[in-house]
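Comments concern the structure below.
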Amino acid sequence: MKATLAIPKNYNNVAAFHEKLAASKRILAVCGAGLSAASGLPTFRGAGGLWRNYDATELATPGAFRQDPVLVWLFYAYRRHMALKAKPNAGHHALAALAKKMPEFLCLSQNVDNLHPRANHPDDQLKLLHGSLFDIKCFNKSCGWIEHHNYADPFCPALVAASEDVEPGKALPLLDPKQKLAKIPESELPKCPSCKTGLQRPGVVWFGEQLDEQMLRDIDAWIDRHVVDMVLVIGTSSVVYPAAGYAEKARTEGHTSVVTVNLDAATPENLYQLEDEDFAFAGDAVVLLPQLLEPVIGPANGDGTYE
Ligand code: BV8
Ligand code: ZN
């Protein structure tokens, strides 16, 4: 029965959440950019979702790459550089610790920043729905060449502008839309070593592109295998599909608790969505996750990691 706009009983109710956690054997998590915010990485909707006045979701399309591969590569080379400089935070470490304590915990992440693997999150309990900035593929659909774990920074000499560091408080010229981009010939972008014709492209899933089908089947099989007791929805605006559909897909009416951990979890529209079994915690994931998961993972070490 949908709650009226009174403050739901499970809003910011850590004690009730710990009771449900103690009774939970199977937990699914769906993570978004908000989880990596505390690691210094901008969210998609943060800063208006703009990169040099370009809508980030527009740059994340095959069409944009076909039209201007240099611009799209500068966008991704910059995000690779920032993600390499970033470190997993206490939120990533808490989820990795939960995976080690709870075999029936599966973490789905929309983040391509490689911070979950760097927090030693067990591979078999982590699904990177949208790929990784550090995988490289061939733009030729029929080619299929892929290189994993490419951490070159700059990715190639032509993209060095995206790997510059500036003193704190100074803006990177690349990010200033008023500053004209240096002309970089497309010929200076690396080609695929296999088919020799396709351009190398970031190994992420762009809008309009299908997610890895075997991964989608594995996730559905995990969800259908047995009732899911809890779904942690962490730092995501839940607008991009199929990621945004998993919380309801995993829900067993009257049993599964969907738990929203988000800076803006207390907005009326979010609170209104809550079912009786659900929870909402408004705040920073880096602070909330260690607190919420402590009964299972124990207290964090000083550096946010776990035993
Ligand atoms: C596909 C990789 C088959 C690249 C990304 C059904 C309905 C409507 C549309 C569709 C549909 N099915 C398919 C579509 C189309 C489309 C889609 O969903 N469009 C949306 C925009 C409506 N989906 C696709 O195209 C998918 N492919 O469906 O293929 C197909 C193909 C063709 C046609 C039909 C079907 C592919 C989608 C994947 C795209 N790639 N990333 C890259 O990163 O560059 S998506 C990218 O954007 C991210 O990965 C992420 O998924 C999304 C950003 O969302 P969030 O991570 O949630 O970040 P956001 O900034 O939005 O929100 C941050 C949240 O955190 C906020 O709520 C904020 O309050 C909170 N927060 C901030 N700080 C903190 C915090 N919370 C806690 N603590 C903090 N400190
Ligand atoms: Zn190729």
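The values are calculated or read from the model by the stated rules, or taken from the named source; none is laboratory data. These numbers were taken from a predicted model, which means no experiment stands behind them. In this analysis, Cβ positions are derived from the backbone assuming ideal geometry, glycine residues included, and neighbour counts consider all displayed protein chains. Protein only, heavy atoms only, side chains kept; ligands, DNA and RNA dropped before computing areas. Shrake-Rupley method; radii C 1.70, N 1.55, O 1.52, S 1.80 Å.
Odds and ends about this structure:
- First in the stretch 17-46 and at positive phi, second anywhere and open to solvent by 20 Å² or more (accessible area, probe 1.4 Å), Cβ under 9 Å, 6 or more apart: GLY40/MET82; GLY40/LYS85; GLY40/LYS87
- Output for the stretch 254-279, where each listed residue is free of Cβ contacts under 8 Å to residues at least 12 places away in the same chain and either in a loop (DSSP other than H, G, I, E, B) or surrounded by fewer than 16 Cβ atoms within 10 Å (Cβ to Cβ) (or both): THR267, GLU269
- Residue within the stretch 124-144 that is without any contact (Cβ under 8 Å) to a residue 60 or more places away in the chain and touching a helix residue (DSSP H, G or I) at 6+ places or on another chain (Cβ under 7 Å) present: yes
- Any chance HIS81 is within 30 Å of VAL296 (Cα to Cα) and either more than 10 Å from ligand 1 (Cβ to nearest atom) or not acidic (Asp, Glu) (or both): no
- Leading residue by the ranking (farthest from ligand 2 (Cβ to nearest atom)) among those in the stretch 215-236 that are of a type outside the set (Asp, Glu) and open to solvent by 90 Å² or more (accessible area, probe 1.4 Å): HIS226
- Qualifying residue in the stretch 149-156 (condition: within 16 Å of ligand 1 (Cβ to nearest atom), within 30 Å of GLU213 (Cβ to Cβ) and in contact (Cβ under 8 Å) with a residue 24 or more places away in the chain): yes
- Note on the stretch 14-53: residues that are under 19 Å from LEU293 (Cα atoms) and more than 14 Å from the chain's Cα centre (by Cα) amount to 15.
- Residue that is farthest from GLN67 (Cα to Cα) [pool: residues in the stretch 182-201 that are of a type in the set (D, E, K, R) and loosely packed, with under 14 Cβ neighbours inside 10 Å]: LYS196
- Checking ILE297 against (1) open to solvent by less than 80 Å² (accessible area, probe 1.4 Å); (2) β-branched (Val, Ile, Thr); (3) within 11 Å of ligand 1 (Cβ to nearest atom), the condition it does not meet: (3)
- The condition of being open to solvent by 10 Å² or more (accessible area, probe 1.4 Å) and out of contact with any Leu (no Cβ under 9 Å at 6 or more places or on another chain) holds for only one of PRO103, PRO177, that being PRO103.
- Within the stretch 64-110, tally of residues that are more than 15 Å from the chain's Cα centre (by Cα), outside any helix (DSSP H, G or I) and not aliphatic (A, V, I, L, M): 4
- Residues satisfying the stated conditions in the stretch 9-37, i.e. touching a helix residue (DSSP H, G or I) at 6+ places or on another chain (Cβ under 6 Å) and either at pLDDT below 95 or in a loop (DSSP other than H, G, I, E, B) (or both): ASN10
- Residue count for the stretch 103-157 under the criterion of being small (Gly, Ala, Ser) and closer than 29 Å to LEU174 by Cα: the result is 4.
- ASP113 open to solvent by 50 Å² or more (accessible area, probe 1.4 Å) and either modelled with pLDDT under 95 or not β-branched (Val, Ile, Thr) (or both): no
- Scanning the stretch 54-63 for residues that are within 15 Å of the chain's Cα centre (by Cα), modelled with pLDDT of 95 or more and assigned to a helix (DSSP H, G or I) yields nothing.
- Only one of the listed residues (LYS178, LYS196) is within 16 Å of ligand 2 (Cβ to nearest atom), more than 15 Å from the chain's Cα centre (by Cα) and without any contact (Cβ under 8 Å) to a residue 24 or more places away in the chain. That residue is LYS196.
- So ILE146, is it within 16 Å of ligand 1 (Cβ to nearest atom) and open to solvent by 50 Å² or more (accessible area, probe 1.4 Å): yes
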